Structures are given as structure tokens and as C-alpha cells.
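Here the structure is laid out as C-alpha cells; the discussion comes afterwards.
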């Protein structure tokens, strides 16, 4: 009879409980890209006004057009009166300008140019309304489930909504899929034709701290408060975070620095099991061997609380006994690692060795044992 088996074990000694981190942001999502671990989720899936942080989706759409060959860095776009009329943060375009894609990328990312976003939207889709529909559809296709767009710039609109999780996952996409273009996010200033010295500086407060920050985008409206999508790389780790609802530019800068310090100082990468290390054995039915070792196919490296204390708790789960023949390296079980206040980690375990079917004597003995067990279960007195 097959049964769902659970074996409990302790792994490498790690982890005092992580020091509680209380953010002043109303919405926050913090993610370790190296291990794909969510470190904090405070209202992270709630759709809220994203302000200029939603420009990341406009940037993504243009990056995709570049990748697909629909435009090049030298392609020029027209500037309409609609684009020129945009208020707020701009790169000061006018109808006589024909900015290149490269210039518009800099204008959107560094100057947070609302006019640049409209130029891109109209240049790619014919109108900003059509572009917003394409943004919404593309976001859904990318798995950004809490995003809806009414415009390309993040200008206040009831239909302009994103979650912090969606912003974080969009940032991850820009970093992973467009590594060369992503480098623009780390540039600290850009002044199109020397027109906007007062708006030339990148507003990302982390870029000037020399802590490994290299992106991404700030945002602010009276409804959204002050927000930031940030990314910092230190050593072999990279974190991404998205925060919103802060009360001032100063508070945003302080919170971004606090989040970075907490994410890197409270957690560390540790190898908790080596490739091929036997963690347990599983019973085998009708096999040449009665058991088979359960091992990870690769080193298991996790982000864990940095201060060593108690062992990690883990369960190995499988449906057993396993039935021979079993092929070495075949996935046969799952290691489920539990850490307080963090999602469980689930890692497949594979068979350590081949197990052939048992010979005639083995099969006869197994059948006899089954009959014996069945006989004695029938004879057991009723309770």
C-alpha cells in the first residue's frame, strides 16, 4: 500500500529569528534575486497609485521594441503638442525636436520625463491611450497581476494602478533581460540639449551612497506619497525592493537605506546540503535493495538568518514505498525547509543509485510478507 511519507530532519545550524523590521512605507515588497526569496511583503499585492514608478513599464515596452528590432537606438520620434504640454517632471521637449530612442531612454529614466513617455507611447502605438492598453495586456502576459495602466507616465488617474510586487518583478525583468540597457539606471545626470539643468539629476537617493545601488525609479504624487523601486548588488547577492506611501523625500531616502542595510546584514547565503549528500533513505518495494538514498542533485544554498543558533527544520516528503526499478538521479522526493516568518523552500531530491527489480526469490518473499500482514490484520481483534 502506498503511503504519503514524511521524514523530519535538522540541517545546518543557522538562524536566530531575524530581527523584526518595521517599515514606515504603507506598502513594501523586498526580494532577494540571488535566491528568489521574498524577505518582506507588506501589502505587497495591493494595487495602488504607482506615480512615476510605472514609467518602468513604459521603459520595458521600449526595451522590448529594441530587442525585437522594431526600433534602434538611432530611431527618431516626433514630438506632438500633447507631449509638449505635459507638466510635472519633463526633459523640455518641443514640437521641433526629433529625439532618438537613446535620448528618450535617458529622459524617462534619469529625468523622469513625462513628455518623453508620451513621445514613446505615441511613437510606438499611435496614441497614448492605445499604448496604455498595450501596457496593460503586456503586464498581464508577464504575470503582473495587479497592474492596470491609463497612461504612459504615471500621471494621476484612477485607472493607473500597480502593486509593489508587480513593480519588483518588473524591475527583476529589466535587470535580467536587458543587462546592457539597464546600465542607464545607474547614471546620475542627463540634460537634453542643456535645457533642464534643474531637472538633470537622477532622483534615486541610493545612487550617491556607494553601497552597490544601480537602479531603478522614484515616484511621487500627493495621492501615492513618495515611493521608490530600488536595486542594490553587494558581493554575489542582489536585492530589489519597492516601497510607497512615504511622507517626504527625506523619509524615502532614509527608508531605502534602512531596507538595504537590513536585507544585507540580517541574512547570509549558506550551503545547507551538498550535491549528492544523503539526507535520508526511502523504502523500496520489490527491489533488489530494500532502500535507496535521497540526495539533492545540486548544492542547496539558501538565504538564512545570519547569526548561527538552532538547526534548520526540514521535512522530506514522498509517496512510498518507492517501486522498483528506480533510476539514479530520478526525482523521487521533496525536501521542504521551514524558516520562521519566511516561505517554505521546496527542493527536489533524487535517487542516489539505481535499484533494479528484485529477482524471483525477492518477489516471492515480498508476496509472502504481504500475505502474512494481510492475514494478521484480518485476525486482529476488534477494538
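Brief remarks on what is shown
- Condition broken by residue 134, with the remaining ones in (1) under 15 Å from residue 55 (Cα atoms); (2) touching a helix residue (DSSP H, G or I) at 6+ places or on another chain (Cβ under 6 Å); (3) buried (at least 19 other Cβ atoms within 10 Å of the Cβ) satisfied: (3)
- When residue 154 is tested against the conditions (1) more than 27 Å from residue 33 (Cα to Cα); (2) in a loop (DSSP other than H, G, I, E, B), the lone failure is (1).
- Filtering region 65-76 to residues that are in a loop (DSSP other than H, G, I, E, B) and either at pLDDT below 95 or surrounded by 14 or more Cβ atoms within 10 Å (Cβ to Cβ) (or both) leaves 71, 75.
- All of 62, 104, 124, 56 fail the test of being more than 25 Å from residue 204 (Cα to Cα), in contact with a helix residue (DSSP H, G or I) (Cβ under 9 Å, 6 or more places away or on another chain) and not in a loop (DSSP other than H, G, I, E, B), apart from 124.
- Members of region 234-261 that are crowded, with 17+ Cβ neighbours inside 10 Å and either in the same structural domain as residue 301 (by TED's automatic domain parsing) or in a strand (DSSP E or B) (or both): 237, 238, 239, 240, 241, 242, 243, 244, 245, 246
- Evaluation of residue 350 against (1) modelled with pLDDT of 90 or more; (2) more than 27 Å from the chain's Cα centre (by Cα); (3) in a strand (DSSP E or B) (one fails), failing number: (2)
- Qualifying residue in region 337-347 (condition: over 23 Å from residue 33 (Cβ atoms), at pLDDT below 90 and exposed (fewer than 11 other Cβ atoms within 10 Å of the Cβ)): no
- The number of residues in region 36-49 being in contact (Cβ under 8 Å) with a residue 60 or more places away in the chain, surrounded by fewer than 16 Cβ atoms within 10 Å (Cβ to Cβ) and farther than 10 Å from residue 162 by Cα comes to 1.
- Candidates in region 183-233 are the residues that are in contact with a strand residue (DSSP E or B) (Cβ under 7 Å, 6 or more places away or on another chain) and in a loop (DSSP other than H, G, I, E, B); of these, the one that is surrounded by the most Cβ atoms within 10 Å (Cβ to Cβ) is 204.
- Of the criteria (1) crowded, with 16+ Cβ neighbours inside 10 Å; (2) modelled with pLDDT of 95 or more; (3) not in a loop (DSSP other than H, G, I, E, B), which one residue 79 fails: (3)
- When region 291-320 is filtered for residues that are modelled with pLDDT of 90 or more and more than 15 Å from residue 346 (Cβ to Cβ), the ones remaining, listed by number, are 291, 292, 293, 295, 299.
The values are calculated or read from the model by the stated rules, or taken from the named source; none is laboratory data. Since we're looking at a predicted model, the values are computed, not measured. Here the Cβ is made from the backbone with ideal geometry for all residues, glycine too, and neighbour counts use every protein chain on show.
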